[in-house]
Structure formats: structure tokens, C-alpha cells
Amino acid sequence: MKRIGKADDVAVFVHSEFGRRVPENTSLGTDHGTANVAFVLGGGVKGGQYGKPVSLTDLVHGDNLQYTTDFRNVYATLIQEFLGYKHPDKILGGDFKTLGLFA
């Protein structure tokens, strides 16, 4: 994309549907949980971590991680900052703060 001058015109959003619980289960793995990971990649993305890191000790709802950034804030950011639509609330059904991901 950079070679053809379109790097700032492309953004890739990678979002996991589920997180993992902290404690090990009987199979020596971890069960599906709440908080997950998301990445936004592209030439116009301001790199870095957005939101606070999750706590491995402050758990909720049966040993689940407590998320620190609502995925709808990421959606609102993509809708407003990247796609240029000024009213992400009309799409998302609520007012979600944008994150300032794009240069």
C-alpha cells in the first residue's frame, strides 16, 4: 500500500471475539473469558497502547479479566476518525468516546 501511495487509506481492525480466564483449568489451559485483544493497523494509525493494561488480580465474574477499553469506543473511532462519519452514535446506539487513533 505504501508503494502505491495508499498506506493512509487502509486500516485493518483485528478483534478477538473472546478473551481468556486467568486461572488454569484441569486440562492445563485456560477457559474462554471476557476481556480480549484488539489491534488497529495502517499507515495513518498513531501507534501505541490505548487504554490501561488489564489487571491479573482484579478479576470479575468468575475469574475473568476486567476490560479497560470498550470495543464500541474502537468502533466509534473507526467510524468517525477513519471513515469520516460524524455521528457514530447513530450507528452504535449510544455515545462512545473516540480514542484519537489516527494522525
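Report, by residue number, each residue of the stretch 45-64 that is within 13 Å of ALA11 (Cα to Cα) and either acidic (Asp, Glu) or modelled with pLDDT under 95 (or both). I'd like the intermediate steps shown before the answer.
Residues of the stretch 45-64 that are within 13 Å of ALA11 (Cα to Cα), as a first pass: 45-47.
Correct list: GLY47 only.
If you go through the stretch 69-77 one residue at a time, do you hit one that is part of a loop (DSSP other than H, G, I, E, B), surrounded by 11 or more Cβ atoms within 10 Å (Cβ to Cβ), at pLDDT below 95 and not acidic (Asp, Glu)?
Step one: list which residues in the stretch 69-77 are part of a loop (DSSP other than H, G, I, E, B), which gives 69-70.
From what's left, surrounded by 11 or more Cβ atoms within 10 Å (Cβ to Cβ): 69-70.
Restricting the remaining residues to those that are at pLDDT below 95 gives 69-70.
Right, trim to not acidic (Asp, Glu) and you get 69.
Yes: the stretch 69-77 contains one or more residues that are part of a loop (DSSP other than H, G, I, E, B), surrounded by 11 or more Cβ atoms within 10 Å (Cβ to Cβ), at pLDDT below 95 and not acidic (Asp, Glu).
Determine whether the stretch 69-89 contains at least one residue that is over 30 Å from GLY5 (Cα atoms), touching a Leu at 6+ places or on another chain (Cβ under 9 Å) and among the aliphatic types (A, V, I, L, M).
No.
What number of residues within the stretch 15-37 are part of a strand (DSSP E or B) and crowded, with 16+ Cβ neighbours inside 10 Å? Break it down into steps so the answer makes sense when it comes.
From the stretch 15-37, those part of a strand (DSSP E or B) are 15, 19-20, 32-33; that's our starting set.
Imposing the further condition that a residue be crowded, with 16+ Cβ neighbours inside 10 Å reduces the set to 19-20, 33.
Result for the stretch 15-37: 3.
The values are calculated or read from the model by the stated rules, or taken from the named source; none is laboratory data. Quick caveat: nothing in here was measured; it's all calculated off a predicted structure. Reconstructed Cβ throughout: ideal geometry from the backbone, glycine too, with neighbour counts over all protein chains shown.
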